[in-house]
Amino acid sequence: KRTKKNPPRHNIRQFANKSIAVDASSWLHKAGYTCADRLVEATENKIRDAVAEKRYTEYMLKRCDELLNVAKISTIYLVFDGVRVPLKSGTNAEREARRKANLAEARRLMAEGRTEAAKDKYRACVKATAEMAQVVAGAVMERWGKYGDNAKVKCVFSPYEADAQLAKLCADGITHAVVTEDSDVLVYSAVCRKPFPIIYKLDKTDGSCDVVTMDWLLNPEYLPPSAKSRLRKNRRDWEDSPTKKSNPTKDTKNSSEID
């Protein structure tokens, strides 16, 4: 827990002049809080609300501006979610049921004139949608240009959830770090066998953050001497094993599977 006696050890400025991949759907969800009631009702009625679009777009552009101009990040890749993963259909159904219940409560409170309580419930109904991502992508292109090599902010649309795409960008050396609130990126880093900085709890007011990597698992230099010795032995055994020799492409396959 962060306190005055236990301040964060990291700051986003550590990544000045480097490129980062951002879990844009996480930011988009927060952006929706700026106009929750209008956004949720527009989504439910399948209409567009110009005021809501302006508010959440301004939030996203401001976050990018802060990283570029204050933290001096060189390039930002905004990675948006794609289609939902079929294996998570049960979890998604539960979330949708809770959202519908919160929506009914929000409307009831609004009808009673309890505006602030209703807005709290509307915030619980916010979800980042593909339409919101397209609106933001259009604003990004208008602000920073098309997605050429010189564009400072680029939008990437993941086939499924953004986690795998975030890891792939770092694994391929396109970006140096990931900004997210989802711990699944740690798993993908391990699967890729590529440790990279994963930035959590990024404070937009002062740039403080937590930084985690999988170096403790993947980099022998982070292990105590006894563990280093065991890891080297295990790797030698693996290299000499019949399984490894009969399937020499296995290591590269693991990385490509997250495309």
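The values are calculated or read from the model by the stated rules, or taken from the named source; none is laboratory data. These numbers come from a predicted model, not from an experiment. Please note: Cβ atoms are built from the backbone with ideal geometry, for glycine as well, and neighbour counts cover all protein chains shown. Accessible surface is based on the protein model in full, side chains and every heavy atom, while ligands, DNA and RNA are left aside. Shrake-Rupley method; radii C 1.70, N 1.55, O 1.52, S 1.80 Å.
Okay, residues lined up against (1) hydrophobic (A, V, I, L, M, F, W, C); (2) without any contact (Cβ under 8 Å) to a residue 40 or more places away in the chain; (3) buried (at least 17 other Cβ atoms within 10 Å of the Cβ):
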{"residue": "Phe15", "(1), (2), (3)": "yes, no, yes"}
{"residue": "Val22", "(1), (2), (3)": "yes, no, yes"}
{"residue": "Glu53", "(1), (2), (3)": "no, no, yes"}
{"residue": "Asn69", "(1), (2), (3)": "no, yes, no"}
{"residue": "Arg84", "(1), (2), (3)": "no, no, no"}
Out of the range 164-222, which residues are over 15 Å from the mean Cα position of the chain (by Cα) and among the acidic types (Asp, Glu)?
Asp172, Asp206, Asp215, Glu221
Subset of the range 1-21, residues at pLDDT below 95 and β-branched (Val, Ile, Thr), comes to Thr3
Being under 23 Å from Tyr56 (Cβ atoms) and open to solvent by 60 Å² or more (accessible area, probe 1.4 Å) is the filter here, so list the residues in the range 106-134 that pass it.
Arg107, Met110, Glu116, Lys119, Asp120, Lys121, Arg123, Lys127, Ala130, Glu131, Gln134
Where residues in the range 99-124 are in a loop (DSSP other than H, G, I, E, B) and not hydrophobic (A, V, I, L, M, F, W, C), which of them is nearest to the chain's Cα centre (by Cα)?
Arg114
Among the residues in the range 205-218, are any open to solvent by 70 Å² or more (accessible area, probe 1.4 Å), over 18 Å from Gln14 (Cβ atoms) and not acidic (Asp, Glu)?
yes
Of all residues in the range 159-170, count the ones that are farther than 24 Å from Glu66 by Cα and open to solvent by less than 20 Å² (accessible area, probe 1.4 Å).
1
